[in-house]
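Colleague: I am attaching a structure below and will ask some questions about it afterwards.
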Amino acid sequence: QVQLVESGGGLVQAGGSLRLSCAASGIIFRFNAMGWYRQAPGKQRELVAIITSGGSTNYADSVKGRFTISRDNAGNTVYLQMNSLKPEDTAVYYCYTRSGGDYWGQGTQVTVSS
């Protein structure tokens, strides 16, 4: 079955950096677009970044220029490098893919203190 396992979240001060990782299994990774979403308390889940199988990327306006999504097809892993973090980036971050259905990771908490 499809499994997505995130890691790399934590507590960081504003202006700091974190790198999230998502290890995928149960899919032919190189054929799948992969995405990162986030959900802050009391808010809807929102798209942060997406990377296609061909490596094209798209970002939410709120993270453009600060976050970078990348993928390692040999390692079946997608990354989210987050720089210049702001308190409003605080959320649970989820890895996502679609493979005959929608699949989500368990989420990793990112907390940015001011």
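The values are calculated or read from the model by the stated rules, or taken from the named source; none is laboratory data. None of these values were measured; they are calculated from a predicted model. Methodologically, a virtual Cβ is constructed for each residue, glycine included, from the backbone with ideal geometry; neighbour enumeration extends over all protein chains shown. When the accessible area is computed, the model is the full protein with side chains, heavy atoms only, and any ligands, DNA or RNA have been set aside. Shrake-Rupley method; radii C 1.70, N 1.55, O 1.52, S 1.80 Å.
Colleague: Quick check on my filter: what residues within segment 17-56 are assigned to a strand (DSSP E or B) and over 12 Å from the mean Cα position of the chain (by Cα)? Break it down stepwise before answering.
Modeller: If we filter segment 17-56 for residues that are assigned to a strand (DSSP E or B), which is where we start, we get 18-25, 34-39, 46-51.
Ala24, Ser25 - these are the residues of segment 17-56 that are assigned to a strand (DSSP E or B) and over 12 Å from the mean Cα position of the chain (by Cα).
So that you can scan it fast, the table gives a plain yes or no per residue for (1) touching a helix residue (DSSP H, G or I) at 6+ places or on another chain (Cβ under 9 Å); (2) under 18 Å from Ser17 (Cβ atoms); (3) free of Cβ contacts under 8 Å to residues at least 60 places away in the same chain:
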| site | (1), (2), (3) |
| --- | --- |
| Ser53 | yes, no, yes |
| Tyr59 | no, yes, yes |
| Arg66 | yes, yes, yes |
| Val78 | yes, yes, yes |
| Thr90 | no, yes, yes |
| Thr97 | yes, no, no |
| Gly105 | no, no, no |
| Thr108 | no, yes, no |
| Val112 | yes, yes, no |
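Colleague: Could you please find all residues in segment 48-72 being open to solvent by 40 Å² or more (accessible area, probe 1.4 Å) and within 19 Å of Gly8 (Cβ to Cβ)?
Modeller: Selection gives Ile50, Thr57, Tyr59, Thr68, Ser70, Arg71, Asp72.
Colleague: Among (1) buried (at least 17 other Cβ atoms within 10 Å of the Cβ); (2) farther than 19 Å from Thr97 by Cβ, which single condition is Gln13 missing?
Modeller: (1)
Colleague: Considering only segment 90-114, state which residues are within 17 Å of Glu6 (Cα to Cα), surrounded by 13 or more Cβ atoms within 10 Å (Cβ to Cβ), of a type outside the set (A, V, I, L, M) and out of contact with any Leu (no Cβ under 7 Å at 6 or more places or on another chain).
Modeller: Filtering segment 90-114 for residues within 17 Å of Glu6 (Cα to Cα) gives 90-98, 102-111.
Narrowing further to those that are surrounded by 13 or more Cβ atoms within 10 Å (Cβ to Cβ): 90-98, 103-105, 107-108, 110-111.
Remaining after also requiring of a type outside the set (A, V, I, L, M): 90, 93-98, 103-105, 107-108, 111.
Matches in segment 90-114: Thr90, Tyr94, Tyr96, Arg98, Gly107.
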